[in-house]
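The values are calculated or read from the model by the stated rules, or taken from the named source; none is laboratory data. Just so we're clear, the structure is a prediction, and the values are computed from it rather than from any experiment. Glycine gets a Cβ as well: all are built from the backbone with ideal geometry, and neighbour counts include every protein chain shown. For accessibility, only protein heavy atoms count, side chains too; no ligands or nucleic acids. Shrake-Rupley method; radii C 1.70, N 1.55, O 1.52, S 1.80 Å.
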Amino acid sequence: MRTDNYQHHDYYLVDELLSEEHKLIRDTVRAWVKKEVSPIIEEACQKATFHKPWIKGLAEIGAFGPFIPQEYGGAGLDYIAYGIMMQELERGDSGVRSTASVQGSLVMYPIYAFGSEEQKRKYLPKLAKGELMGCFGLTEPDYGSNPAGMITRIEDKGDYYLLNGAKMWISNAPFADIAVVWAKDDNGEIRGVIVERGMEGFTTPETHGKWSLRASATGELVFDNVKVPKENVLPNIKGLKGPLSCLNSARYGIAWGAIGAALDCYDSALRYSKERIQFGKPIGAFQLQQKKLAEMITEITKAQLLAWRLGVLKNENRATPAQISMAKRNNVAMALNIAREARQIHGGMGITGEYPIMRHMMNLESVITYEGTHDIHLLITGLDITGLNAFN
Ligand code: TGC
Ligand code: FAD
């Protein structure tokens, strides 16, 4: 069992930009991660199991939809609070953050933003408490970066919709009680539907053999003539902007979350560099290792400021999708580079589970791909600054 000796690093005193409530939230989530995640995360990853008791704990610390208003069971917190939570969870493990970001940004958010009053009252309070868990089905076997091409269909049968198709790479699918699924209707318009476990023809086979996000359950959603009641369609959205709006919230959370993974790698590398003696002195005394560490904290600091400013814009409802793309892309790549450098500082020990480095590194290989790949986010920035579309 690994002891979690993590100490926070705040080189530019970014903490001073946070409220007392933000700091309290951060300390609460950090304490939960140290107590409930760090001692068992290595084993969970080695065994590739999602630790179900985390659900109750995540609900208790308010990690499911913290920005959802209190009347629907959320905490009514701002987006900086949400970001800080994601940072602290991902400091523990990207898979744990994934569980929370899917539940909050990809399941609760669309029901809150596009659902009927009945849907909000029926699902949101239970999702906030973790009594129901959800997943988000957008990606299909043949349509990943290009979800507009999706094949999954709902057919209007008068009393109900008939759902057919398949989604893949879906976080939380194997244990989710409900799925927010995006499918095209008879007019070819993308609609959101809430599919419940137990509906005939709906299955969620688990995806095995992952080398990344091993503590998070991933699966498929298969729809074989599933009869979906009409009241399960999200009434207030049509088109690709529906799922993409949800991604804005989740990508924002990842921009913060990735800083957590980077901080954990940096913290471990800094400590190791002072303890590990070679050629009669700590390896941290060698210029080559100092260069790595100095560049790490520089990049982390830049990412912290980017995330904080984005949080301010998001709270003011002024953050554009392209700004969110820039932060997701920069901060995840930053964290992955830091994980790779930190692995080298740990020498051979860096590949073992005694240190969190390799686990973070492997997780971040998913994080840099999901919620829009590194390339797609660059093209979003490219389109935004030139006005010229390079996607197709
Ligand atoms: P395009 O023509 O650009 O846009 C179609 C409509 O959508 C609007 N829009 C957005 N609205 C809100 N937020 C955004 N970020 C938006 N981006 C575009 C746009 O204004 C338009 O609206 P309207 O009213 O004119 O119809 O669409 P496109 O087909 O050219 O695609 C653009 C592109 C490539 C950027 C988009 O398809 C994309 O982002 N692709 C990446 C797919 C992706 O990110 N998938 C993620 C799946 S979910 C996931 O990975 C969860 S992992 C969770 C975890 O475990 O943590
Ligand atoms: P592709 O789209 O096939 O891309 C392959 C490569 O081609 C990439 O490098 C990409 O950048 C590049 N590429 C594609 N188009 C272009 C272009 N126009 N120009 C230049 N390069 C291009 N999806 C969900 O809906 N819900 C989930 O909960 C979910 N969870 C996930 C969990 C995990 C662990 C993983 C790995 C994925 C998850 N995804 C989920 C899917 C994820 O969003 C997709 O993997 C991602 O959007 C990329 O799609 P793809 O894998 O089909 O890659």
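Kindly evaluate residue 327 against the criterion of being within 16 Å of the chain's Cα centre (by Cα) and of a type in the set (Gly, Ala, Ser).
Working: within 16 Å of the chain's Cα centre (by Cα): yes; of a type in the set (Gly, Ala, Ser): yes.
Spelling it out, residue 327 is indeed within 16 Å of the chain's Cα centre (by Cα) and of a type in the set (Gly, Ala, Ser).
Provide a single number: the residues in segment 241-277 that are hydrophobic (A, V, I, L, M, F, W, C) and open to solvent by 10 Å² or more (accessible area, probe 1.4 Å).
Number satisfying all stated conditions: 5.
What about residue 339, is it surrounded by fewer than 19 Cβ atoms within 10 Å (Cβ to Cβ), away from ligand 1 (no atom under 16 Å from the Cβ) and assigned to a helix (DSSP H, G or I)? Before you say what the answer is, go through the steps one by one.
Values: surrounded by fewer than 19 Cβ atoms within 10 Å (Cβ to Cβ): no; away from ligand 1 (no atom under 16 Å from the Cβ): yes; assigned to a helix (DSSP H, G or I): yes.
Taking the combined requirement at face value, the residue does not satisfy it.
Return the residues of segment 170-182 that are under 20 Å from residue 112 (Cβ atoms) and open to solvent by less than 10 Å² (accessible area, probe 1.4 Å); say none if nothing qualifies.
Taking segment 170-182 and keeping what is under 20 Å from residue 112 (Cβ atoms), we get 171-172, 176-182.
If the condition is that a residue be under 20 Å from residue 112 (Cβ atoms) and open to solvent by less than 10 Å² (accessible area, probe 1.4 Å), then 172, 176, 178, 179, 180, 181, 182 are the ones that fit.
Tell me whether segment 343-357 contains one or more residues that are open to solvent by 30 Å² or more (accessible area, probe 1.4 Å), in contact (Cβ under 8 Å) with a residue 24 or more places away in the chain, within 14 Å of ligand 1 (Cβ to nearest atom) and in contact with a Ser or Thr (Cβ under 7 Å, 6 or more places away or on another chain).
The answer is no, given that none of the residues of segment 343-357 is open to solvent by 30 Å² or more (accessible area, probe 1.4 Å), in contact (Cβ under 8 Å) with a residue 24 or more places away in the chain, within 14 Å of ligand 1 (Cβ to nearest atom) and in contact with a Ser or Thr (Cβ under 7 Å, 6 or more places away or on another chain).
Within segment 105-132, count every residue that is open to solvent by 10 Å² or more (accessible area, probe 1.4 Å), in contact with a Phe, Trp or Tyr (Cβ under 9 Å, 6 or more places away or on another chain), in contact (Cβ under 8 Å) with a residue 60 or more places away in the chain and outside any helix (DSSP H, G or I).
Residues flagged as open to solvent by 10 Å² or more (accessible area, probe 1.4 Å), in contact with a Phe, Trp or Tyr (Cβ under 9 Å, 6 or more places away or on another chain), in contact (Cβ under 8 Å) with a residue 60 or more places away in the chain and outside any helix (DSSP H, G or I) within segment 105-132 amount to 2.
For residue 367, indicate whether it is open to solvent by less than 70 Å² (accessible area, probe 1.4 Å) and touching a helix residue (DSSP H, G or I) at 6+ places or on another chain (Cβ under 6 Å). Step through it out loud before you land on a result.
Working: open to solvent by less than 70 Å² (accessible area, probe 1.4 Å): yes; touching a helix residue (DSSP H, G or I) at 6+ places or on another chain (Cβ under 6 Å): yes.
Yes, satisfied.
Checking residue 331 against (1) within 21 Å of residue 45 (Cβ to Cβ); (2) part of a helix (DSSP H, G or I); (3) in contact (Cβ under 8 Å) with a residue 60 or more places away in the chain, which single condition isn't satisfied?
Status for residue 331: all satisfied but (1).
Is it the case, given these coordinates, that residue 369 is away from ligand 1 (no atom under 16 Å from the Cβ) and among the hydroxyl-bearing types (Ser, Thr, Tyr)? Break it down stepwise before answering.
Numbers: away from ligand 1 (no atom under 16 Å from the Cβ): no; among the hydroxyl-bearing types (Ser, Thr, Tyr): yes.
In short, no.
State which residue is farthest from the chain's Cα centre (by Cα) when the search covers only segment 143-159 and only residues that are open to solvent by 40 Å² or more (accessible area, probe 1.4 Å) and within 8 Å of ligand 1 (Cβ to nearest atom).
Filtering segment 143-159 down to residues open to solvent by 40 Å² or more (accessible area, probe 1.4 Å) leaves 143-146, 148, 151, 153, 155-159.
Now narrow it down to the ones that are within 8 Å of ligand 1 (Cβ to nearest atom): 144-146, 148.
Details: 144: 17, 145: 17, 146: 20, 148: 22 Å.
Residue satisfying both the conditions and the ranking: 148.
If I ask for residues that are within 30 Å of residue 49 (Cα to Cα) and aliphatic (A, V, I, L, M), which ones from segment 217-237 would you list? Break it down into steps so the answer makes sense when it comes.
First, the residues of segment 217-237 that are within 30 Å of residue 49 (Cα to Cα): 217-224, 226.
217, 221, 222, 226, listed by residue number.
Name the one entry in 302, 238 that is open to solvent by 20 Å² or more (accessible area, probe 1.4 Å), of a type outside the set (A, V, I, L, M) and in contact with a strand residue (DSSP E or B) (Cβ under 8 Å, 6 or more places away or on another chain).
On the way: 302 fails: in contact with a strand residue (DSSP E or B) (Cβ under 8 Å, 6 or more places away or on another chain).
Result of the check over 302, 238: 238.
Please verify whether residue 312 is within 16 Å of ligand 1 (Cβ to nearest atom), in contact with a helix residue (DSSP H, G or I) (Cβ under 8 Å, 6 or more places away or on another chain), assigned to a helix (DSSP H, G or I) and at pLDDT 95 or above, treating the condition exactly as stated.
On the way: within 16 Å of ligand 1 (Cβ to nearest atom): no; in contact with a helix residue (DSSP H, G or I) (Cβ under 8 Å, 6 or more places away or on another chain): yes; assigned to a helix (DSSP H, G or I): yes; at pLDDT 95 or above: yes.
No; evaluated as a whole, the condition is false for this residue.
What about residue 232, is it within 14 Å of residue 163 (Cα to Cα), polar (S, T, N, Q) and at pLDDT 95 or above?
On the way: within 14 Å of residue 163 (Cα to Cα): yes; polar (S, T, N, Q): yes; at pLDDT 95 or above: yes.
Criteria met by residue 232.
Can you tell me how many residues in segment 372-384 are touching a residue at least 60 places away in the same chain (Cβ under 8 Å), touching a Lys or Arg at 6+ places or on another chain (Cβ under 7 Å) and open to solvent by 30 Å² or more (accessible area, probe 1.4 Å)?
Qualifying residue count, segment 372-384: 0.
Go over the candidates 338, 351 one by one and state the one that is more than 13 Å from ligand 2 (Cβ to nearest atom) and touching a Cys at 6+ places or on another chain (Cβ under 6 Å). Step through it out loud before you land on a result.
On the way: 351 fails: touching a Cys at 6+ places or on another chain (Cβ under 6 Å).
Of 338, 351, the one residue that is more than 13 Å from ligand 2 (Cβ to nearest atom) and touching a Cys at 6+ places or on another chain (Cβ under 6 Å) is 338.
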